[in-house]
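Read the structure below first, then the notes.
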Amino acid sequence: MLRSSIKILAVSLGLLSSSVFAWGQNGHRVIGELAQNHLTPNASSHVQLILGDDSLAEVSTWPDEMRSNPEHFWRKQAGKWHYINIDNPEQMHDHTNERISNRDQVKHILDGIHYTANVLRDPSSDLIDKQFAIKFLVHLVGDAHQPFHAGRADDHGGNKIKVEFFGKPSNLHKVFDTELVEHENLSYTELTQFLSTSDKNKIAEYLNSTPSDWLLESNRIAEEIYKSNETEISWGYIYKHTPMIKTRLQQGGIRLAGLLNQIFDKNSKPLVNALAKR
């Protein structure tokens, strides 16, 4: 049971429309494409059996596209899957159930990652459940690497912090969701190509982590951004923060691949006990 150290922000219809969607389409697709390129052959085969002709990049935005679905889950439950608000980072690791097996138990993004991974591992899961799980998992790993999806409850993850992006009204969450990525003016395939890496040391460093670590990294980055208190965003801000954005996209792709490899390929090295089957 969650303690007071991690507060999950109640989701209203107004909040759903703005704050639970991360990276925009391009960012999510970059993470999906990077992951696809780093799957082992066995993992790639399993992914294809579940998704058919769809790629990880293509399904990466599915949870956002479903936001207008009238079903109860999408109207009332799905929003909280995308984020977590962290009051006490030091106690983050104490507040998750890695064995979560019912989607009604999901209270935040970390639960969502564990739940969807467990569905994919479970040999009794049917194809529909696996399709739901992998589409959501691809998206959630992306969300976990966006700093303001592990931000503060009181400002709705930066949504209530008003800024100007090259003179146009915006907010801090939107800047890091979409505007910094889109300002690169690259297609997701071009950005994926630029971020692709075969550096074994870098890949090993990225994989030496857990989903809790990913969210704590995002929280630390968000707190540093909060401190800068900049409201007029232009070239200097982009120069300062774009390298971090690219690193987070790269980390998200490599870590998603590592997680899927660990789920689907028994010969793949696990993510430091991240979601090791117990």
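The values are calculated or read from the model by the stated rules, or taken from the named source; none is laboratory data. Since this is a predicted model, take the numbers as computed values, not measurements. Glycine gets a Cβ as well: all are built from the backbone with ideal geometry, and neighbour counts include every protein chain shown.
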Scanning the stretch 115-147 residue by residue, the ones that are among the aliphatic types (A, V, I, L, M) and within 13 Å of Ser101 (Cα to Cα) total 4
Got a number for residues in the stretch 103-132 being surrounded by fewer than 24 Cβ atoms within 10 Å (Cβ to Cβ) and among the aliphatic types (A, V, I, L, M)?
5
If a residue counts only when it is modelled with pLDDT of 90 or more and under 16 Å from the mean Cα position of the chain (by Cα), which helices (runs of 4 or more DSSP H) contained entirely in the stretch 1-104 have at least 2 such residues?
24-37, 56-59, 62-65
Out of (1) surrounded by fewer than 20 Cβ atoms within 10 Å (Cβ to Cβ); (2) in contact with a helix residue (DSSP H, G or I) (Cβ under 9 Å, 6 or more places away or on another chain), the odd one out for Thr210 is which?
(1)
Would you check which residues across the stretch 139-164 are basic (Lys, Arg) and surrounded by 24 or more Cβ atoms within 10 Å (Cβ to Cβ) and list them?
none
Is it the case, given these coordinates, that Lys240 is part of a helix (DSSP H, G or I) and either touching a strand residue (DSSP E or B) at 6+ places or on another chain (Cβ under 6 Å) or touching a residue at least 12 places away in the same chain (Cβ under 8 Å) (or both)?
no
Taking only pairs six or more apart or across chains, which ones have beta-carbon atoms under 6 Å, a first residue in the stretch 126-153 that is within 23 Å of His173 (Cα to Cα) and polar (S, T, N, Q), and a second residue that is in a helix (DSSP H, G or I) and at pLDDT 95 or above?
none
For the stretch 208-230, the count of residues that are part of a helix (DSSP H, G or I), closer than 22 Å to Ile113 by Cβ and over 15 Å from the mean Cα position of the chain (by Cα) equals 2
Is there a residue in the stretch 121-131 that is hydroxyl-bearing (Ser, Thr, Tyr) and closer than 23 Å to Arg248 by Cβ?
no
β-branched (Val, Ile, Thr), more than 15 Å from the chain's Cα centre (by Cα) and part of a helix (DSSP H, G or I): is that true of Ile245 in this structure?
no
Condition first: surrounded by 14 or more Cβ atoms within 10 Å (Cβ to Cβ), in a loop (DSSP other than H, G, I, E, B) and hydrophobic (A, V, I, L, M, F, W, C). Now tell me which residues in the stretch 165-197 satisfy that.
Leu186
